[in-house]
Amino acid sequence: RAIRFLRDIERMTEDSRVLCREREQTAICTELRRASQQRRAGVVFVCGVPGVGKSLTTATALSTCDAWARRERMPAPQVAWINCMALRTPNTVWKVALAALAPEADVAGGKAGVEPAAAQARVQWRFNNRPPGQEKVLKPCASKRDKRSQGSRAPPRMPVVVLDELDALLRGAEGLTTLCQLFAMATAPGAHGVIIGVANALDFAIHAREELRAAGIEPTEVVMPAYTAADLTVLLEARLGEMVGSHDGSDSGECALSPGVKFVKPALQLCARRVAAATGDMRRALQVCGAALGRAVGQVDQQAPGAEGSRRQQAKAVAVVTGDARQPQLPTLWRRLADRKKAVDTRADPPVTVTVGHMAAALSAVMRDTSSCMVKILPPQQQLLLAAVVRRVERNAAGSHCTVS
Ligand SMILES: Nc1ncnc2c1ncn2[C@@H]1O[C@H](COP(=O)(O)OP(=O)(O)O)[C@@H](O)[C@H]1O
Ligand SMILES: [Mg+2]
């Protein structure tokens with residue numbers, strides 16, 4: 001059950017707001033708007049350790065930009081959100097991008113499938129709005145819809161390519177070449193669109209910075225620091241909403257999502273302080289809260305074994321199964337949530353209160369090994385360097401100093 005909380009509690013609800021990241025969100029949004037208004041290309045690098053809200057902030061900036069474009073009666077950006085971790089090989093990125101930017105294109109391409117090179121050419125064409133020397137290859141692929149939109153001269157939607165978990169592409173020469181090709185799209189004459197790289201480390205941003213500048217593109221770098229204890233307290237209170245009760249647990253106010261379930265504030269503060277001291281990772285903080293809630297429910301179950309079924313229902317209602325950072329607007333999930341609310345029989349259920357004790361136990365279970373957490377969040381290059389040093393030092397145990405070659 002704790003695992004279920006852990007899975008579900010991480011997701012954003014429809015009315016969740018992105019707090020503590022206003023500056024970063026504005027920086028991304030400003031670049032998107034500027035590129036859209038001036039019909040030029042832009043590059044944004046979003047960096048920070050895992051769980052600091054990079055994907056969420058980027059997704060929110062995109063939907064803010066979408067709303068802005070609608071208000072201004074401009075075409076909304078067309079977004080290709082690519083999770084680089086899910087790509088089998090680096091060059092499949094072109095097919096994925098093409099499927100999002102030209103959904104009418106036959107990406108499957110019949111039995112043979114579109115070759116990565118052909119997909120790359122089409123994506124570059126979409127970005128640069130002209131197929132240099134490739135009219136013959138590319139024009140027959142243009143769908144009827146393409147032709148209709150060209151005929152009616154509707155301004156094209158600005159393409160935005162988001163490369164989430166960009167670090168995953170940085171392994172191997174092929175990945176680096178693909179990334180360079182992707183970002184080079186912004187430097188082509190007449191290019192119109194934005195490429196957003198979301199990464200744990202700034203490595204690629206540093207690599208690409210000079211070349212982009214030489215081509216007249218000043219990349220926007222958004223570095224997200226780890227959350228502080230104060231940030232995490234605000235975020236947890238906002239995310240767990242009305243589940244947060246008063247200090248002594250005497251607040252019996254009804255909870256919107258699940259009646260009779262609450263966290264006492266000092267428990268959340270404890271979680272925020274401990275997680276901030278270790279990693280500053282909001283994902284981890286939510287996992288700890290999920291585990292603490294699991295413990296509280298388990299304790300109530302033990303006290304009233306007959307109530308197992310209804311407790312499970314109540315726990316499910318708390319879990320708030322409500323969508324995904326990229327798609328916060330999912331009405332069907334709200335319907336499911338409403339059904340769950342109905343399913344909870346409040347009169348029969350004793351309240352569940354997550355106390356400091358539950359939180360402390362969950363913290364020691366989830367955060368058992370903080371030093372390995374810290375190694376896991378390092379960029380791959382630093383992990384490799386650390387591993388090399390450890391190997392060298394182990395072999396050289398007797399020596400006073402050693403050299404890593
Ligand atoms: N500012 C925030 N407000 C609300 N939830 C947040 C915030 N930052 C992170 N989260 C939550 O923490 C988890 C990790 O965020 P995510 O954007 O995926 O981090 P990253 O991409 O940096 O690894 C998600 O469940 C997300 O909804
Ligand atoms: Mg992410």
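The values are calculated or read from the model by the stated rules, or taken from the named source; none is laboratory data. The structure presented is a predicted model; accordingly, all values stated were derived computationally and were not measured. All Cβ positions, glycine included, derive from the backbone under ideal geometry; neighbour counts span all protein chains shown.
Taking the condition of being within 16 Å of ligand 2 (Cβ to nearest atom) and either among the small types (Gly, Ala, Ser) or farther than 19 Å from HIS207 by Cα (or both), how many residues in segment 162-197 meet it? Walk me through how you get there before you give the answer.
Pass one, segment 162-197, residues within 16 Å of ligand 2 (Cβ to nearest atom): 162-170, 196-197.
Keeping just the survivors that are either among the small types (Gly, Ala, Ser) or farther than 19 Å from HIS207 by Cα (or both) gives 168, 197.
Result for segment 162-197: 2.
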Report summary line: Over segment 37-49, the set of residues touching a helix residue (DSSP H, G or I) at 6+ places or on another chain (Cβ under 7 Å) and either farther than 24 Å from ALA99 by Cβ or within 16 Å of ligand 2 (Cβ to nearest atom) (or both) is VAL44, PHE45, VAL46, CYS47, GLY48
Requested in this report: Would you check if there is a residue in segment 46-62 being part of a helix (DSSP H, G or I), within 24 Å of ASP281 (Cβ to Cβ), out of contact with any Asp or Glu (no Cβ under 8 Å at 6 or more places or on another chain) and polar (S, T, N, Q)?
Outcome: yes
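Taking helices (runs of 4 or more DSSP H) that fall entirely within segment 260-356, which contain at least 2 residues that are under 28 Å from ALA59 (Cβ atoms), at pLDDT 85 or above and within 16 Å of ligand 2 (Cβ to nearest atom)?
Numbers: elements: 265-278, 282-303, 308-318, 331-343.
It comes to 282-303.
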